[in-house]
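Presented below is the structure to which this report refers.
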Amino acid sequence: MDPKNVKSELVLILDYGSQYTHLITRRIRSLSVFSLCLSGTSPLSAITDLNPSVVILSGGPHSVHTPDSPSFPDGFLPWAQSNGVVVLGICYGLQLLVQRLGGEVRVGHKQEYGRMEIIVEKSSALFGSDKVGQRQVVWMSHGDEAATLPPGFHVVARSDQGAVAVIENPSAKFYGLQYHPEVTHTQEGMEMLRRFLFDVCGVEAGWKMEDIMEEEIKVIRDTVGSDEHVICALSGGVDSTVAATLVHKAIGDRLHCVFVDNGLLRYKERERVMETFEKDLHLPVVCVDASNQFLTKLKGVTDPEMKRKIIGKEFICIFDDFALALEKKIGKKPSYLVQGTLYPDVIESCPPPGSGRTHSHTIKSHHNVGGLPKDMKLKLIEPLKLLFKDEVRELGKILHVPEAFLKRHPFPGPGLAVRVLGDVTEGNALEILRQVDEIFIQSIKDAGLYDSIWQAFAVFLPVRSVGVQGDQRTHSHVVALRAVTSQDGMTADWYYFEHKFLDDVARKICNGVRGVNRVVQDITSKPPSTIEWE
């Protein structure tokens, strides 16, 4: 997908390291406006090439007083003014705007974190004239504050403690918020973003999934030559399935799908997924059983990062072998590999601005954004790489992927390897985990809770506990249950089960799975944890 060809005005977010930056992107898209995230330290040409209508400077953990604090490139503000681009600074972005325009930012007398109230002091298109004198609950997270505003700016709202909360210079089209409108804790945050985009910036809502589908089909056809063939790695998840369906719509039978049983699948996953591919989706899929190959390479490996790297490398080896076999069959060498990379994969694999690192965090290293070998023979096609998970599901509906399949909970690329802590080949950890996971998920479905949960699964812990089963003392395994709610997978809250449900599930597991005598529940959100355990 080429951002320049999207039938919508672009809102560009310059990322300065805030944990909420991705939420700004997502909230804007929910208003049917196309938004993208770019490193805040990108060169000016990278910004101007995208031709945004609006630029938002995100928050971040930095202070503008430190010499190595990240900033937008020289020439950015003059370019924005000369081209009528509206600029909004959020938190650190506000402070950056104030400092670079000649104002003063100082360490706050009282640092402000968490829920706080602000008071609207002046009529502004950001709030509306009827809001003057009213209070709003917002989410603050700052130690520095604007002390002296640049020429042309005035204060629109202040915090209860008197700190500058909202500023504007309408003639220059520069605005600033010291709080985060993108988080749900800011009660009128979405209304603020709506007013800013439509009333202040005059942006028109034009982000439609039908347009994205048409554009992506065109891009695929332009990329893949009329006589070239493509391989798609199907995992059985929503992302790769929607990607395959989209590519199949674009190039037809020149798409060749392969489903790899790596020995790390869930209970009866292979049989269930292949049946869906063949009967419901009518995709041409070859199943490759490579379980021994993967488990042999993983034997003795306990480091999570090493496990992901090994799995990623083995997948590519299999795809290369599949491509060679396909070449012999059709007399033409496949040129491309389709993967279901999503925008969160891309975002989470970018180095945080101001970190001093040129390489990404290894959050998604099993994925193509971080884990593919440099000598890979196949070129990548990633038709979903600018979409969030819920957007992929919306696209899948348009492509007539069965709704029951679209509602499936996400399953990680490395499979159960990231749900067995430690060596996945040790003992019967995989078999125990499959049985526990099946009981947990089926119980959720039976209770009518499956569609209310973003993702649920079991985890095999590398510890044993003492128990009593069948009037005998046991020293058996501990498993954990994890269930979260989320919109896009970037943030998540743990799901609140009724005690009766948890009691029933724990009894079923301990009575039905040999080798387990203790069940615990993971009740941490993302952040600070991730959704998966490894």
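The values are calculated or read from the model by the stated rules, or taken from the named source; none is laboratory data. As the structure is a computational prediction, the values presented were derived from the model and not from experiment. No Cβ is skipped: glycine too gets one built from the backbone with ideal geometry, and neighbour counts run over all protein chains shown. Accessible surface is based on the protein model in full, side chains and every heavy atom, while ligands, DNA and RNA are left aside. Shrake-Rupley method; radii C 1.70, N 1.55, O 1.52, S 1.80 Å.
With viscosity set to 1.002 mPa s and temperature to 20 °C, compute the Stokes-Einstein D of the range 204-266, Rh being the Kirkwood radius across alpha carbon pairs; µm²/s, no decimals.
Reported coefficient: 163 µm²/s.
Roughly to the nearest percent, how much of the accessible area of the chain is carbon and sulfur, given a 1.4 Å probe?
Reported share for carbon and sulfur atoms: 49 percent.
Projecting each Cα onto the charge dipole of the chain (Lys/Arg +1, Asp/Glu -1 at the beta carbon, about the Cα centre), which of N51, T296, N83 comes out farthest on the positive side?
Looking along the dipole axis, the top candidate is T296.
Under a no-solvent Debye model with one identical scatterer per Cα of the range 184-314, what's log10 I(q)/I(0) at q = 0.11, 0.14 Å⁻¹?
The Cα Debye sum returns log10 ratios of -0.64, -0.83.
Return P(r) of the range 115-191 (all Cα-Cα pairs; 5 Å bins starting at 0; whole %; ordered from short to long distances).
Each 5 Å bin holds this share of Cα pairs: 3, 16, 29, 27, 18, 6, 0.
Take the range 65-138, drop everything but the C-alpha atoms, weight them equally and run the Debye formula without solvent; then report log10 I(q)/I(0) at 0.20 Å⁻¹ to two decimals.
Normalising to I(0) and taking log10 leaves -1.11.
Express the C-alpha Rg of the range 390-534 as a ratio against the empirical globular expectation 2.2 N^0.38 Å, rounded to two decimals.
1.11
Which whole-number value in Å² is the accessible area per residue of the chain, probe 1.4 Å?
Heavy-atom SASA per residue in the chain reads 43 Å².
Dividing the alpha-carbon Rg of the range 274-335 by 2.2 N^0.38 Å yields what?
Relative to the rule-of-thumb radius for its length, the range 274-335 sits at 1.41.
Using the per-residue mean of other Cβ atoms lying within 10 Å as a proxy for protection, in what order, highest first, do the peptides 68-75, 87-94 fall?
Descending mean neighbour count gives 87-94, 68-75.
Determine the calculated [θ] at 222 nm for the chain from helices alone, applying -39500 (n - 2.57) to every DSSP H run no shorter than 4 residues and normalising by the residue count; nearest 500 deg cm²/dmol.
Dividing the helical sum by the residues of the chain leaves -9000 deg cm²/dmol.
Short version: what are the Cα gyration tensor semi-axes of the range 136-179, square root of 5 times each eigenvalue, largest first, in whole Å?
Equivalent ellipsoid of the range 136-179: 19, 11, 9 Å, largest first.
Using modelled backbone amide H atoms (1.01 Å from N, in-plane), which distant-in-sequence or interchain residues come within less than 5 Å of V420's amide H?
F460
For the range 452-523, build the charge dipole from Cβ charges (+1 Lys, Arg; -1 Asp, Glu) around the Cα centre, then report which of V513, H499, S452 sits farthest towards its positive end.
Highest projection toward the positive end goes to V513.
State which entries of K309/K377; K445/K508; K218/K279; K218/K309; K249/K389; K268/K407 exceed 22 angstrom in Cα-Cα distance in the structure shown.
As for pairs spanning more than 22 Å Cα to Cα, those are K218/K279; K218/K309.
Relative to the compact-globule scaling 2.2 N^0.38 Å, provide the ratio for the alpha-carbon radius of gyration of the range 33-85.
Its radius of gyration relative to the 2.2 N^0.38 Å reference: 1.19.
Which of the helices in the chain, when you take each full DSSP H run, stretch at least 30 Å along the axis at their Cα atoms and have an average Kyte-Doolittle score of -1.0 or higher?
Helices meeting the criterion: 304-330.
Quick one: which of 476-482, 166-172 comes out on top by average Cβ neighbours within 10 Å, and what's the full order, highest first?
Result, highest mean first: 476-482, 166-172.
To the nearest 20 debye, what charge dipole does the range 433-500 have about its Cα centre, counting +1 at the Cβ of each Lys and Arg and -1 at the Cβ of each Asp and Glu?
Result for the range 433-500 is approximately 320 debye, rounded to the nearest 20.
As an exercise, find the ratio Rg/Rh for the range 241-305 from alpha-carbon atoms, using the Kirkwood inverse-distance average for Rh.
Using Cα coordinates only, the ratio equals 1.08.
Once every Cα of the chain carries one equal point scatterer and solvent is ignored, give the base-10 log of I(q)/I(0) from the Debye formula at q = 0.07, 0.12 Å⁻¹, two decimals.
The computed values of log10 I(q)/I(0) come out as -0.46, -1.17.
So, with +1 on the Cβ of K and R and -1 on the Cβ of D and E, and no other charges, what is the size of the charge dipole of the range 105-200 about its Cα centre, to the nearest 20 debye?
Computed about the Cα centre, the dipole is about 100 debye.
What order do you get for 443-450, 193-200 when each peptide is scored by the mean count of other beta carbon atoms within 10 Å, highest first?
Descending mean neighbour count gives 193-200, 443-450.
Dipole of the chain (Lys/Arg Cβ +1, Asp/Glu Cβ -1, origin at the Cα centre): which of L177, L23, V285 lies farthest to the positive side?
Highest projection toward the positive end goes to V285.
I'm a student and want to see the number: the projected area of the Cα convex hull of the range 50-179, averaged over all directions, in nm².
7.8 nm²
Assign unit charges at the C-beta atoms only (+1 for Lys and Arg, -1 for Asp and Glu), then state the dipole size of the chain relative to its Cα centre in Debye, rounded to the nearest 20.
740 debye
Starting from the Kirkwood radius over alpha-carbon pairs of the range 480-534, derive D by Stokes-Einstein at 4 °C in a medium of 1.567 mPa s and give it in µm² s⁻¹.
Calculated translational D: 105 µm²/s.
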